[in-house]
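Input: a single structure, listed below in structure tokens.
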Amino acid sequence: MKIETMDKATAKIVREIITNGLTPLLAEYGLEFELGNAGYDADSVKFNGFKVRITGGLSDTEKALERELHFRQCLTDMVELDVDRISSQGSRRFKLVGFKERARKNPFVVLDLNSNTGAEYVLSVEQVERMFAVKGDVE
């Protein structure tokens, strides 16, 4: 199949081609990659956020969460968070998995454990402190 024009559907095909081609190649070296959002025009597609890391390495949001947890541990007036805690909201269960340093309103990332798709949601500081506070802090 020869690609002669670029549109949304073709950009998705290009993403699949890159994923199917690079995944086994990088796996041989113990590496994995991720592609960010794509932008395209009539004759090209550009993927933002192309990153290669060691297999099983932490993502940027996971590294940022580690820094945030360390920061909260060092300051006595901040609520300490428990990343091992599973929070239940009704019938749904959530785990704290990331932090977006540049997000002001909803910087924390939680994983929906009930979802088969691995759905992630962003939450505010107040919501996360209520859901994942270390016992004895704020609950």
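The values are calculated or read from the model by the stated rules, or taken from the named source; none is laboratory data. Since we're looking at a predicted model, the values are computed, not measured. Note that we place each Cβ from the backbone using ideal geometry, even for glycine, and neighbour counts take in every protein chain shown.
Contact map, segment 85-107: residues that are within 16 Å of L65 (Cα to Cα) paired with residues that are among the acidic types (D, E) and crowded, with 16+ Cβ neighbours inside 10 Å, Cβ distance under 7 Å, separation 6+ or inter-chain. Pairs shown: F94/D112; F99/E68. Summed over segment 86-108, the residues that are touching an Asp or Glu at 6+ places or on another chain (Cβ under 7 Å), over 17 Å from A133 (Cβ atoms) and at pLDDT 95 or above give a count of 1. Checking every residue in segment 35-54 against the condition of being among the charged types (D, E, K, R) and closer than 24 Å to L123 by Cα gives zero matches.
For (1) of a type in the set (A, V, I, L, M, F, W, C); (2) modelled with pLDDT of 95 or more, each residue gets a yes or a no:
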{"residue": "L22", "(1), (2)": "yes, yes"}
{"residue": "E34", "(1), (2)": "no, no"}
{"residue": "S59", "(1), (2)": "no, no"}
{"residue": "R72", "(1), (2)": "no, no"}
{"residue": "M78", "(1), (2)": "yes, no"}
{"residue": "D82", "(1), (2)": "no, no"}
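The number of residues in segment 1-31 that are exposed (fewer than 10 other Cβ atoms within 10 Å of the Cβ) and in a loop (DSSP other than H, G, I, E, B) comes to 5.
Can you pull out the residues in segment 1-60 that are basic (K, R) and either touching a Phe, Trp or Tyr at 6+ places or on another chain (Cβ under 9 Å) or under 22 Å from V97 (Cβ atoms) (or both)? Walk me through it before giving the result.
Taking segment 1-60 first, the residues basic (K, R) are 2, 8, 12, 15, 46, 51, 53.
Passing the criteria: K8, R15, K46, K51, R53.
Of the residues making up segment 124-139, just one is without any contact (Cβ under 8 Å) to a residue 24 or more places away in the chain and closer than 13 Å to E68 by Cβ, namely V125.
Against the condition more than 19 Å from A119 (Cβ to Cβ), assigned by TED's automatic domain parsing to the domain that holds V125 and among the aromatic types (F, W, Y), how does F33 come out, does it pass? Talk me through it step by step, then tell me what you get.
On the way: more than 19 Å from A119 (Cβ to Cβ): yes; assigned by TED's automatic domain parsing to the domain that holds V125: no; among the aromatic types (F, W, Y): yes.
No; evaluated as a whole, the condition is false for this residue.
In segment 7-32, the residues that are of a type in the set (A, V, I, L, M) form Cβ pairs under 9 Å with partners that are exposed (fewer than 13 other Cβ atoms within 10 Å of the Cβ) and part of a helix (DSSP H, G or I), at six or more places apart or across chains, as follows: L31/L25.
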